[in-house]
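Trainee: This is the structure I want to talk about, given as C-alpha cells.
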Amino acid sequence: MINMSVWLLCVASFAVLALSMPRQQDDLFGAPLASRATRAMRFAGWGGLVAALWLLVASQGWGLGLVSYSGHTSVAAGLVYLSLVVYQRRKQG
C-alpha cells in the first residue's frame, strides 16, 4: 500500500513540476501563469518528492528506501513525460 501511495505522490509531484514550466503553461493554459503561482507549484512539486522520499525511508530504511525511491521517481517521471508527449501530438491533430 505504501508503494502505491508513494508512486501516486511522485506522479502528482512531477505533474505539478511539469506544469510549473513556461512551455507547458503555454501549451495547456494558453499563457504563462503568474510568477507567484509558478513558484508555489515548484515548491509543491519538490515538497511532494521530498515527502515521498521520507515515506519510503521511514518504512523501508535507507538502503531499500533509496532504491525504491529511485524506481518510483523513474516510472513516475516517464509517465508524466509520455503523457505530455501524447497530449501534444493529439493537440496537433
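What follows draws every value from the coordinates through simple rules; no lab data is involved. Keep in mind the model is a prediction, meaning the values are calculated, not measured. Note: ideal-geometry Cβ built from the backbone for every residue, glycine included; neighbour counts use all protein chains shown.
Trainee: If you put +1 on each Lys and Arg Cβ and -1 on each Asp and Glu Cβ, how big is the dipole of the chain around its Cα centre, in Debye rounded to 20?
Mentor: 240
Trainee: Now a separate question. For the chain, what is the convex hull volume of its Cα atoms per residue in Å³? Kindly include the intermediate steps, with their values, before the conclusion.
Mentor: Values: hull volume 7.6 nm³, N = 93.
About 81 Å³ per residue, rounded to a whole number.
Trainee: Using each residue's phi in region 79-89, evaluate 6.51 cos²θ - 1.76 cosθ + 1.60 at θ = phi - 60° and report the 3J(HN,Hα) Karplus result to the nearest Hz, with x for Gly and Pro.
Mentor: 3J(HN,Hα) across region 79-89, in whole Hz: 5, 5, 4, 5, 5, 5, 5, 4, 4, 5, 5.
Trainee: Another question, then. Name the residue from Val86, Gly61, Val6 whose Cα lies farthest towards the positive end of the charge dipole of the chain, charges +1 on Cβ of Lys and Arg and -1 on Cβ of Asp and Glu.
Mentor: After comparing all options, I get Val86.
Trainee: How far, in nm, would the chain grow between Ser35 and Arg23 when pulled straight, counting 0.36 nm per residue and subtracting the alpha carbon separation? Please list the in-between numbers first.
Mentor: Details: separation 12, 0.36 × 12 = 4.32 nm, distance 1.37 nm.
Going from the current span to full extension adds 2.9 nm.
Trainee: Sticking with this structure for a sec: Mind checking the full-extension length gain between Arg42 and Ile2? Use 0.36 nm per residue of separation minus the Cα-Cα distance, one decimal, nm. Each step should come with its number before you reach the end.
Mentor: Values: separation 40, 0.36 × 40 = 14.40 nm, distance 2.40 nm.
Gain on stretching Arg42 to Ile2: 12.0 nm.
Trainee: Could I ask something else about it? Taking the Cβ of each residue in Trp62, Trp7 as the centre, tally the other Cβ atoms inside 10 Å and list the residues starting with the fewest. Walk me through the numbers before you get to the answer.
Mentor: Values: Trp62 9, Trp7 18.
Neighbour counts put them in this order, fewest first: Trp62, Trp7.
Trainee: Still on this structure, I have one more. So what is the diffusion coefficient of region 51-93 in µm² per second by Stokes-Einstein at 4 °C and 1.567 mPa s, using a Kirkwood Rh over Cα pairs? Working shown, then result.
Mentor: Working: Rh = 11.7 Å.
After rounding, the answer is 111 µm²/s.
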